[in-house]
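Each remark here refers to the structure printed beneath this line.
The values are calculated or read from the model by the stated rules, or taken from the named source; none is laboratory data. Because the structure is a prediction, the values reported are computed rather than measured. Cβ: placed from backbone, ideal geometry, glycine included. Neighbour counts: every protein chain shown. Only protein heavy atoms, including side chains, enter the accessible area calculation; ligands, DNA and RNA are left aside. Shrake-Rupley method; radii C 1.70, N 1.55, O 1.52, S 1.80 Å.
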Amino acid sequence: MADNNDIKIHVAGLTKDFGDNHVLKGIDIDIHAGEVVCVIGPSGSGKSTFLRCINRLEEATSGEILIDGVSITDKKANVDKIRQHVGMVFQQFNLFPHYSVKENIMYAPVELKLQTKEQAEETAKKLLARVGLSEKLDAMPRSLSGGQQQRVAIARALAMNPDIMLFDEPTSALDPEMVGEVLDVMRELAEQGMTMVIVTHEMGFAREVADRVCFVDGGVIQEQGKPLDVMTNPQNPRTKEFLSKVL
Ligand code: ADP
Ligand code: MG
């Protein structure tokens, strides 16, 4: 078991309200460096809200999130710095439609003056090779399949050289035949030691790649453990019911 020094993301007593809607009701989890955590659970249970709190797309109502020991829930936290650490990939790829693939990947590092255009272009080339799309450097997003667009979105997130990647149902908007190519890229990232939090309904992937599966329902983690344990021997009746629908 890793010691406390390895804790990459520390979440304690995290709550999030949208008005009267108490969406997160006290999330506690420590995620270690290099760990892959898959979050499963029914629609509306707060999975996306949880991910969005980790990179401050949402502000927590109460509780604490530390990344590498530094508070990101603190009102004075530097949001841009946080986002540089933490890449996020969404269900809808959200590529800039009027930018080429290369320009999409170069945009943030150049805009934030982290890289020159030349450096960013080199990075874009390397990252496109990594996601198997070297030949699409100058293509426009609309000319790509959904699976290709999502791989570009992953490359774009990696361009900031994050050490944490958050994925919010990255394959849910894809035709079935394109799911595999995106999961392959994610599997490779996991093997390379990226710390990853992945909301997914791909149970086969979770079983194979995740170090831990968390079942979220009603804004709390109801059950967590090794994928095989949670999936084949769930203890919580709500986990059982959920799995009976998705497996
Ligand atoms: P999941 O990803 O598990 O489907 P979400 O985190 O997207 O769940 O949503 C949980 C609840 O929070 C839902 O009731 C949703 O309507 C509400 N919610 C999410 N984002 C917002 C928002 N920006 N404003 C108001 N309500 C929101
Ligand atoms: Mg969601």
Sorted by chain and then number, the residues having a modelled amide H within less than 5 Å of the amide H of Val39, at least 5 places away or on another chain, are Ile198, Val199, Thr200, Cys214
For Lys81, counting only lysines whose alpha-carbon sits under 29 Å away and dropping same-chain residues fewer than eight positions off, the answer is Lys8, Lys16, Lys25, Lys47, Lys102, Lys113, Lys117, Lys125, Lys126
Length-normalised contact order of segment 1-159, Cα under 8 Å, at least 6 apart, in percent, tallies to 19 percent
Fraction of alpha-carbon pairs in segment 128-195 farther than 14 Å apart, rounded to whole percent, equals 57 percent
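How large is the charge dipole for segment 159-247, taken about the Cα centre, if only the Cβ atoms of Lys, Arg (+1) and Asp, Glu (-1) carry charge, to the nearest 20 debye? Provide the component values of the computation, followed by the final result.
Working: 7 positive and 16 negative charges, 96 e Å.
Using only the charged Cβ atoms, the result is roughly 460 debye.
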Percent of all Cα-Cα pairs per 5 Å bin for segment 39-151, counting from 0 up to the last occupied bin, reads 2, 10, 17, 17, 17, 15, 13, 7, 2, 0
Taking the dipole of segment 89-227 about the Cα centre (Lys, Arg +1; Asp, Glu -1; charges at Cβ), the one of Val131, Gly180, Val213 that reaches farthest to the positive side is Val131
The local net charge around Ile164, scoring Lys/Arg +1 and Asp/Glu -1 for residues other than Ile164 whose Cβ lies under 11 Å from its Cβ, equals -1
Whole-percent carbon and sulfur contribution to the accessible surface of the chain (1.4 Å, no ligands, DNA or RNA) stands at 47 percent
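Using unit Cβ charges (K, R positive; D, E negative) and no other charged atoms, how large, in debye to the nearest 20, is the dipole of the chain about its Cα centre? Don't skip to the answer; put the middle values down first.
Values: 27 positive and 36 negative charges, 80 e Å.
Dipole of the chain, to the nearest 20 debye: 380 debye.
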Unit-weight point scatterers at every alpha-carbon of the chain, Debye formula, q = 0.08, 0.12, 0.16 1/Å: log10 I(q)/I(0) is -0.30, -0.69, -1.21
Along principal axes, largest first, the alpha-carbon spread of segment 98-231 in whole Å comes out as 48, 31, 27
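Under a 1.4 Å probe, what is the accessible area of the chain per residue, stated in Å²?
47 Å²
From largest accessible area down, sort Arg207, Arg142; use a 1.4 Å probe on the protein chains. Intermediate values should be presented prior to the final figure.
On the way: Arg207 105, Arg142 185 Å².
Highest to lowest solvent-accessible surface, that is Arg142, Arg207.
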